[in-house]
Amino acid sequence: MDAIRIQGGVPLHGDIVIGGAKNAALPLMAASLLTAEPLTLPNMPELADIATMSNLLRQLGVRIDQSAFAFGSDASDAGATGRVMTLTAEKITSVTAPYDLVRRMRASFFVLGPLLARQGEAIVSLPGGCAIGARGVEMHLKALEALGAKIEVTGGYVHATAPKGLTGAHITFPKVTVGGTENLLMAAALAKGDTVLENAAREPEIGNLAECLIAMGAKISGMGSGTLRITGVPRLHAGRCAVIPDRIETGTYAIASAITRGRITLRGTRFDLLEGVFSVLRQTGVTVEPTEDGVLIAAENGLVGVDVVTEPFPGFPTDMQAQWMALMSTANGASMITETIFENRFMHVPELRRFGADVNVHGASAIVRGKKKLTGAPVMATDLRASVSLVLAGLAAEGETTVNRVYHLDRGYERLEEKLGACGAIIERVSGG
Ligand code: EPZ
């Protein structure tokens, strides 16, 4: 299994181009199941999770065509530089998402809503727990039942049926769920009549999905608010929608600049996607300046510790919590990090301690006391964001760091070593580590 080896302590300087957002791209790809006509998605990132979703969709009958590095041809694609993916679900040949794929990537569960809405039936494996928490799906299932679906769970599979189609309903999510909101948006787009989703997630990825569905002919309003209104239409048609820039990749490289006391311009991204993180980053003493196509992050001086609490958007994202902890391990003074979204998302703590970080966990909060220096170490991670927090600590630490289980990083960070290496990081991938 590959590993990443880093010689740390080098301030990073340069430009990094941000790719399309993994967590926006995955539901957009699933939306292709809603129509027999082609769905074209510019700015598609090249990641292991995108390949997994492509495999699943192909098994369901979707044809996928890709062209490399094409530039967008209309205003909505401005700044889009990644691959263009076209997905055509002319005929759905299977309604089953098997355990083997859903187990590997929870986002496979996104096919449930579209399959049910278009085919009247979906058989999707339950994802099971994962490294960061139990991550149930009962809110997805209850909301689909409210649209008239019959749901049975047997043998580890959700068997959902709606032979006469789905019907609009008023749904209030008991808790904000990003995936639940996305599954319901897709299902309600083809339901009869009106659906209202209250306490809906407001993450930018939801806005991207709504924008895509609208381009396909859906009627949706309320984007950016906690109440989404969908008026179902009998069918959707071909559409084109660029994947938004990855706000978590943006935030991760912003911290790479800050933690090495460097100066990096992040390009092809949007300041407004990450205002919550930029605002606390400024409080630490880091310079954060919006630029024409992104943001400049500079941190020549020492930083001070700042507390954060993870919350649904527009609050501080849980997907930036591990990276923030790495940064706070190098700041002056203490900071408290409270995780409210997932119950088990501090698994990076014992690994950060291997760099000499001083972190104590008390329930859902961690107290971090900043250290003057971290020292490199061999480490191993359990999930995507935990892995990248160890890369960040390794960039700041003196000496050599080896991050094992690199496959986690490949799920969500495109050409990580290349992007960091271009800013002066001494970083390489070693095979079989
Ligand atoms: C999405 O996961 C993201 N994944 C996650 O990104 C992200 O951490 C999370 O939203 C929160 O922002 C994708 O977009 C593919 P939720 P999702 O439903 O949709 C509980 C990354 O590193 N819950 O908003 O699964 C759940 O257990 C990742 O890129 C239920 O209890 O998150 C969690 O505690 C990891 N029952 C909370 O709600 C349900 O039916 C929020 O989950 C649904 C959710």
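The values are calculated or read from the model by the stated rules, or taken from the named source; none is laboratory data. All values reported here derive from a predicted model rather than from experimental measurement. A quick note on method: Cβ atoms are made from the backbone with ideal geometry, for glycine too, and the neighbour counts reach across all protein chains shown. Side chains included, ligands, DNA and RNA excluded: accessible areas come from the protein's heavy atoms. Shrake-Rupley method; radii C 1.70, N 1.55, O 1.52, S 1.80 Å.
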Rg/Rh for segment 249-354, where both radii come from Cα atoms and Rh is the Kirkwood radius: 0.95
For segment 103-170 and segment 25-45, what is the centre-to-centre distance using only Cα atoms, to the nearest Å? 19 Å
Antiparallel content of DSSP bridges confined to segment 320-433, in %, to 5: 70 percent
Multiply the residue separation of ASP2 and SER225 by 0.36 nm, subtract the distance between their alpha-carbon atoms, and state the gained length in nm to one decimal. 76.0 nm
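Given a 1.4 Å probe and every protein chain left where it sits, what share in percent of the accessible area of the chain is carbon and sulfur?
51 percent
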In segment 351-433, taking the dipole from +1 charges on Lys and Arg beta carbons and -1 charges on Asp and Glu beta carbons about the Cα centre, the listed residue (GLY412, ALA364, THR401) farthest towards the positive end is ALA364
How would the chain be classified by its alpha-carbon gyration tensor: rounded, prolate or oblate, with rounded meaning a/c under 1.5 and the a/b versus b/c comparison settling the rest? prolate
In debye, nearest 20: dipole of the chain around its Cα centre with unit charges on the Cβ of K, R (+) and D, E (-)? 560 debye
Say R0 is 60 Å: what FRET efficiency, to the nearest 0.05, do ALA51 and ASN332 get from their beta-carbon distance? 0.90
For the chain, with the dipole built from +1 on Lys and Arg beta-carbon atoms and -1 on Asp and Glu ones, taken about the Cα centre, which of GLY180, THR330, PHE313 lies farthest toward the positive end? GLY180
Per residue, how big is the convex hull of segment 323-433 when only Cα atoms are used? Give it in Å³. 99 Å³
Calculated on alpha-carbon atoms, Rg and Dmax of segment 137-263 in Å: 17.3, 60
Please state the charge dipole magnitude for segment 205-254, taken about the Cα centre, from unit charges on C-beta atoms (+1 on K and R, -1 on D and E), reported in debye and rounded to the nearest 20. 320 debye
Which loop trypsin sites (Lys or Arg not before Pro) in segment 346-431, with loop taken from DSSP, have no more than 10 other Cβ atoms within 10 angstrom of their Cβ? LYS372
Considering the options ILE123, VAL158, ALA146, tell which one lies farthest towards the positive end of the dipole of segment 115-164, charges being +1 on Lys and Arg and -1 on Asp and Glu at the Cβ, about the Cα centre. ALA146
Which trypsin sites (Lys or Arg not before Pro) does segment 163-198 hold that lie in a coil by DSSP with at most 11 other beta carbons within 10 Å? LYS164, LYS175
Placing unit charges on C-beta atoms (Lys and Arg positive, Asp and Glu negative, everything else neutral), compute the dipole magnitude of segment 102-226 about its Cα centre in debye, rounded to 20. 220 debye
Alpha carbon centre of segment 290-332 versus segment 335-394: separation in Å? 14 Å
Consider just the alpha-carbon atoms of segment 61-220 and return their Rg together with their Dmax, both in angstrom. 16.3, 48
Which three extents, in angstrom, do the Cα atoms of segment 156-200 have along their principal axes, listed largest first? 32, 29, 14
Sum of -39500 (n - 2.57) over DSSP H runs of 4+, divided by residues of the chain (222 nm, nearest 500): -8500 deg cm²/dmol
Per the chain, cysteines lacking a partner by the 4.7 Å Cβ criterion: CYS130, CYS423
Which entries of LYS150/LYS192; LYS142/LYS164; LYS91/LYS192; LYS142/LYS175; LYS373/LYS419; LYS164/LYS192 have Cα-Cα distances beyond 20 Å here? LYS91/LYS192; LYS373/LYS419
What FRET efficiency would be calculated for the residue pair ARG282, GLN59, taking the C-beta separation as r and a Förster radius of 51 Å, to the nearest 0.05? 0.65
Accessible area of the chain divided out per residue, in Å², using a probe of 1.4 angstrom: 38 Å²
